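First the structure, in the form of structure tokens, and then the observations on it.
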Amino acid sequence: MNRQVTDCKTYQFSKNKYGSELLIDLIRLESLSKYIRQTPRHCLTYYDITFILDGYGSFALDQHEFPVTSNHLYFSAPGQIREWKVSDIPHGLVLIFEEEFLCSFFSDPLFVKMLSFFTNRQAPPQLSLTEEQGKYLFNIMLQIEQEISDNKETHLLRALLYQVLAWINNVYRSYYQLAATPLNSKITRFVQLVETHYCNDHTVSFYASELCITSGYLNELVKNESGVSAKQYIINRLMTEAKRLLLSCETPVSEIAWNLGFSDSSYFVRLFRNETGFSPLAFRKRHLS
């Protein structure tokens, strides 16, 4: 599970913004000027797709930084550290939603978690669209904006959101040449289990037991799908969260290690150095200086 950071402004979804609960919204980026200027560095508790129509500067997500240019998309999942580095607020559309809005009504509870642009570790959380693609996405987003303004019909909004997510996923996978083969059901469950338990259990045997398969078979499945062993997949998830925590607060390294399930902070420091080439403190200093 994602742990909330203490020294980074966290924005919750405004569920009752329109009166009755609605877990989707379409916002003009320029209308967020006040919040971007007050807290350019922040976290969200919900999913965000930002579509830049015009602007310049840069946008950082965790330890990655991307240029702000027209027809670009940026994707952030709950808990990620975001930062706008702009002198003027860009023009754009921001599609935000809670996972519950889709997954509690569809037969596939992992649909959002399996979207490549939110979860893929081998391609960045950004996408450059062609002019034609940009017009297509812009028109669908305008439909969502209009429906929220006029009727707030949740079934239609779910259909439009599903259309946007599925379309972007296809474009993203094609752009980065990602394999389109469906995930093995065991891999799907493994990914979900890691997201839930990575702070509590780092052993391959735990996940293999939960899946009722051997550790060797789990390693084979994960290796074939992701190119890394199951153990390395777990370590990669831990390192992503460790970097997030190091860049978002001044919490001592020993406390971060404890929060991530390491009883021995010196082992955590050695593992972090082996994976990144830096000690945790050196990583923090390098990226925050």
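Screening Phe283, Phe268, Phe278 for residues that are in contact with a Pro (Cβ under 8 Å, 6 or more places away or on another chain) and aromatic (Phe, Trp, Tyr) leaves exactly one candidate, Phe268. Before we move on, is Tyr207 more than 30 Å from Lys9 (Cα to Cα) and open to solvent by 50 Å² or more (accessible area, probe 1.4 Å)? In short, no. Just so you know, in region 195-204 the residues that are over 20 Å from the mean Cα position of the chain (by Cα) and not in a helix (DSSP H, G or I) include one that is surrounded by the most Cβ atoms within 10 Å (Cβ to Cβ), and it is His202.
For Val191, are the conditions met, namely being at pLDDT 95 or above, surrounded by 15 or more Cβ atoms within 10 Å (Cβ to Cβ), out of contact with any Gly (no Cβ under 8 Å at 6 or more places or on another chain) and not acidic (Asp, Glu)?
It is false that Val191 is at pLDDT 95 or above, surrounded by 15 or more Cβ atoms within 10 Å (Cβ to Cβ), out of contact with any Gly (no Cβ under 8 Å at 6 or more places or on another chain) and not acidic (Asp, Glu).
So for region 152-174 (the condition being open to solvent by less than 40 Å² (accessible area, probe 1.4 Å), assigned by the TED database to the domain that holds Phe101, free of Cβ contacts under 8 Å to residues at least 40 places away in the same chain and of a type outside the set (D, E, K, R)), does at least one residue qualify? Within region 152-174, one or more residues are open to solvent by less than 40 Å² (accessible area, probe 1.4 Å), assigned by the TED database to the domain that holds Phe101, free of Cβ contacts under 8 Å to residues at least 40 places away in the same chain and of a type outside the set (D, E, K, R).
Return a yes/no flag: does region 110-128 have any residue that is open to solvent by 40 Å² or more (accessible area, probe 1.4 Å), charged (D, E, K, R), modelled with pLDDT under 90 and over 25 Å from Ser70 (Cα atoms). Yes, region 110-128 contains a residue that is open to solvent by 40 Å² or more (accessible area, probe 1.4 Å), charged (D, E, K, R), modelled with pLDDT under 90 and over 25 Å from Ser70 (Cα atoms).
The values are calculated or read from the model by the stated rules, or taken from the named source; none is laboratory data. In this text the structure is predicted, and so the values were computed from the model without any measurement. Cβ atoms come from the backbone with ideal geometry, glycine included; neighbour counts cover every protein chain shown. When the accessible area is computed, the model is the full protein with side chains, heavy atoms only, and any ligands, DNA or RNA have been set aside. Shrake-Rupley method; radii C 1.70, N 1.55, O 1.52, S 1.80 Å.
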